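Engineer: Pasting a structure here, questions to come.
The values are calculated or read from the model by the stated rules, or taken from the named source; none is laboratory data. Small disclaimer: the values here were computed from a predicted structure and weren't measured. Virtual Cβ from ideal backbone geometry, glycine too; neighbours counted across all protein chains shown.
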Amino acid sequence: MSQLIPPAIIPYVMPLVYAVVIVAVLPLMAGYIVLLERKVMADMQARLGPMRVGPHGLLQPIADAVKLLLKEDIIPNDADRFMFYVAPLVSVTMALLAYAAMPFGPAFQIADLNVGLLFILAVSSLGIYGIVLGGWASNSHYSLLGALRSAAQLVSYETAAGLGLVSALLLAGSLSMKDIVQAQADQGVWFILVAPIGFFVYLVGSIAETNRAPFDLPEAESELVAGYMTEYSGFRWSLYFLAEYANMIIVAGIATTLFLGGWLRPFPRLHQHLIGTSLELLDALPSLIFIAIALYCFRLAPRQPVRIQKLVMAAAGGLCLLLAGAMAGSLFASPAVMQGVHGGFWFMVKVMAYLYAFLWIRFTFPRYRFDQLMRLGWRFLIPLALVNVMGVGTAIVLQQLWGWDPRGAELVTLAATIGVALLLAHEDEKPASQPLAEGE
Amino acid sequence: MAPTMISPDYYLMLSLALFTIGVIGVLTRRNVIIILMSIELILNAVNINLVAFSRLWGDVNGQVFAIFIITDAAAEAAVGLGIILAFFRNRETLLADEMDLLKW
Amino acid sequence: MFSHTVFYFFALLAVASAIMMVTRRNIIHSAVYLITTLLATAGIFLQLDAEFLFVVQIILYVGGIMVLFVFVIMLVNLDVSLRLVQFNHQRFVAGALALILGGQVFIAFRVGRGVLPHPVLRSMSPKNTEAVGDALFTHYMLPFEIASILLLVAMIGAVVMAKRRV
């Protein structure tokens with residue numbers, strides 16, 4: 001690479017290349033995550049999902065995109081035109097801006113800011129304006145109410161999610177995303193094993209942050225029509241939509257970096273070597289995973305009813321075998337290439353797992369009513385997050401100042417935090433069990 | 001790497017410009033919400049000043065003071081807006097000219 | 001050269017947005033222009049190597065205080081306010097006084113430059129967040145605690161003021 005481009009401009013060219021890659025790939029990825037969601041929803045509901053448009057529905061996102069682009073652009077009569085144009089742009093811009101500090105692998109990061117994590121949080125909190133201004137500009141009661149509710153929810157759960165992140169930050173000791181992953185590599189453990197309650201708080205907070213079920217009251221179809229997106233159609237709606245899914249990938253990326261070890265493989269410090277070589281056994285996992293998927297595809301291929309589906313399944317199997325080969329091949333290349341390829345693989349696997357958890361939770365739990373949602377945020381999640389921060393801080397103090405064993409300190413404070421969580425949950429149940437209309 | 005900074009005069013002039021615009025906003029507008037927003041603008045102008053001199057002297061105290069000012073502005077905005085809401089519920093007006101309950 | 005360009009970009013954005021904010025008829029447009037001013041100020045902070053203050057400005061000021069403002073504006077929305085007179089009847093005197101004040105401070109700056117010794121640029125710790133955190137929790141511990149009590153009092157006050165009396 002350094003022979004093709006003069007070294008002096010590499011710091012300016014590489015971020016640009018990464019940015020172009022991200023902006024080009026992201027809408028496609030968002031579209032395919034929607035397809036994934038529909039397929040997973042269908043699987044959990046014992047049906048098949050989109051199968052018509054392209055084999056196994058693989059061209060469905062493209063059909064949706066074309067439809068949205070060709071739809072009529074309607075602007076309500078008395079709408080504030082300037083705000084109406086600008087609001088979806090604000091949402092999408094902030095969602096995409098957060099990718100500037102997100103590390104997708106040891107080599108793939110646009111900018112390693114010293115305050116990278118706070119930058120992503122700050123930019124995510126700016127996305128609220130896209131919602132609020134959009135709801136306002138639509139000049140419609142439903143939109144305004146949906147926008148205000150959504151903004152209130154976002155602001156409340158942003159606090160809780162941030163506090164959940166603080167507990168992992170205490171362990172990492174730096175705000176730079178690269179340093180956080182490096183700290184997990186140095187300590188040899190993913191932070192989810194050290195601060196699981198922090199992960200739980202962040203999981204719930206991030207589901208509410210992205211307006212996903214069960215916290216999707218502001219935009220659910222049977223509630224306020226579609227909330228702040230009611231009056232938007234065609235391309236403007238697809239911008240909001242893109243912003244929502246881009247936000248989902250961002251929160252998954254933050255959770256992966258902070259709690260799930262970023263681009264590290266499981267057991268990052270376990271160096272069991274293949275006898276006689278310098279290859280590590282655990283580095284064969286990516287190839288094994290891909291080979292397993294390929295075998296599964298080949299097993300399913302003959303059972304497909306239609307010939308084109310058989311061909312596509314077989315092609316998917318072949319693609320997985322190719323990727324397995326690439327993963328194995330990179331083991332023999334330079335360490336930087338191996339780190340980059342494997343790091344990217346593990347990061348994507350973890351992000352996909354987190355997104356799968358989102359989808360799973362969506363199709364399992366019923367929706368929260370708005371007052372239940374706010375009560376959960378302020379009266380359960382934020383106290384739990386605060387106690388968790390105190391707990392993790394206590395564990396660090398016990399281990400550094402008083403010399404306790406690290407695992408022992410963490411277990412003791414974890415037990416204390418879980419005790420407090422149970423107390424909070426028990427105390428929270430009592431008001432909700434009373435009948436709602438009681439003279440108020 | 002040697003520290004670089006453009007002359008603090010630039011930041012002083014910017015801070016002065018924002019401060020003057022804020023003062024004009026406070027003194028000339030009738031809508032109390034815009035008066036409150038102009039006060040936020042004044043506080044921001046002061047922050048720019050503090051941070052510029054913190055950079056010049058290499059001292060982090062200026063930034064700490066700016067953080068306290070931001071905290072203060074948050075508290076003041078919250079209470080001020082609460083008062084405006086309460087007043088609005090009683091008198092249905094947002095104009096500073098018409099908030100003259102003490103006059104007879 | 002590059003830093004001058006960056007400074008002029010942010011400074012012009014800040015001043016233009018501030019002027020727009022103070023002159024708009026529609027309160028929501030004023031709020032949006034204040035948001036742009038605050039973001040430009042955050043950019044100035046970043047240029048001055050104050051990276052922690054940059055994110056704090058965005059999270060607290062733009063993501064917190066301005067959301068509060070926008071909420072309240074939407075709650076007290078008066079369509080009739082768009083047709084009222086926007087500037088009060090003391091505007092010329094007030095404007096003149098504000099400009100005189102600005103001029104005074106400007107003259108103070110110009111005169112002071114010749115009188116006071118010009119300071120030498122010193123370097124600052126590259127770990128800005130750690131330095132701010134250190135200062136906040138050691139030298140400024142008492143103001144920090146007082147600020148948290150102030151926020152608590154403000155929170156209670158705002159809730160009490162804005163609650164509906166049943």
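Listed here are the residues, each with its yes/no results for (1) small (Gly, Ala, Ser); (2) surrounded by 14 or more Cβ atoms within 10 Å (Cβ to Cβ).
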site	(1), (2)
A:8	yes, no
A:74	no, no
A:95	yes, yes
A:98	yes, yes
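Engineer: Quick one: which helices (runs of 4 or more DSSP H) lie wholly within the range A:283-364 and hold at least 1 residues that are closer than 30 Å to residue A:204 by Cα? Step through it out loud before you land on a result.
Structural biologist: Working: elements: A:285-300, A:307-330, A:335-362.
In the range A:283-364, the matching helices (runs of 4 or more DSSP H) lie at A:285-300, A:335-362.
Engineer: Taking the condition of a type in the set (Asp, Glu) and in a helix (DSSP H, G or I), does residue A:72 pass? Full working, then the answer.
Structural biologist: Values: of a type in the set (Asp, Glu): yes; in a helix (DSSP H, G or I): no.
Answer is no for this residue.
Engineer: Hey, which of the helices (runs of 4 or more DSSP H) in the range B:5-104, taking only ones fully inside, have at least 1 residues that are touching a strand residue (DSSP E or B) at 6+ places or on another chain (Cβ under 9 Å) and surrounded by fewer than 22 Cβ atoms within 10 Å (Cβ to Cβ)?
Structural biologist: On the way: elements: B:8-28, B:32-57, B:61-91.
Ranges flagged: B:32-57.
Engineer: With the checklist (1) assigned to a helix (DSSP H, G or I); (2) surrounded by fewer than 20 Cβ atoms within 10 Å (Cβ to Cβ) in hand, flag the one item residue C:65 doesn't pass.
Structural biologist: Residue C:65 satisfies all of (1) assigned to a helix (DSSP H, G or I); (2) surrounded by fewer than 20 Cβ atoms within 10 Å (Cβ to Cβ) except (2).
Engineer: Filter the range A:196-218 for residues that are small (Gly, Ala, Ser) and either at pLDDT below 90 or not assigned by TED's automatic domain parsing to the domain that holds residue A:180 (or both) and give the result. Let's see the steps before the verdict.
Structural biologist: Step one: list which residues in the range A:196-218 are small (Gly, Ala, Ser), which gives A:198, A:205-206, A:208, A:213.
Within the range A:196-218, A:213 is the sole residue that qualifies.
Engineer: Moving on to the next point. Can you tell me which residue within the range C:91-124, out of those that are in a loop (DSSP other than H, G, I, E, B) and more than 7 Å from chain B (Cβ to nearest Cβ), is modelled with the highest pLDDT? Before you say what the answer is, go through the steps one by one.
Structural biologist: Restricting attention to the range C:91-124, the residues satisfying the condition of being in a loop (DSSP other than H, G, I, E, B) are C:116-124.
Now drop any that are not more than 7 Å from chain B (Cβ to nearest Cβ), which leaves C:116-118, C:120.
Details: C:116: 67, C:117: 68, C:118: 69, C:120: 76.
Of everything passing the filter in the range C:91-124, C:120 is modelled with the highest pLDDT.
Engineer: Please state which of the following conditions residue C:11 fails to meet, knowing it meets all the rest: (1) out of contact with any Leu (no Cβ under 9 Å at 6 or more places or on another chain); (2) more than 14 Å from chain A (Cβ to nearest Cβ).
Structural biologist: Unmet condition: (1).
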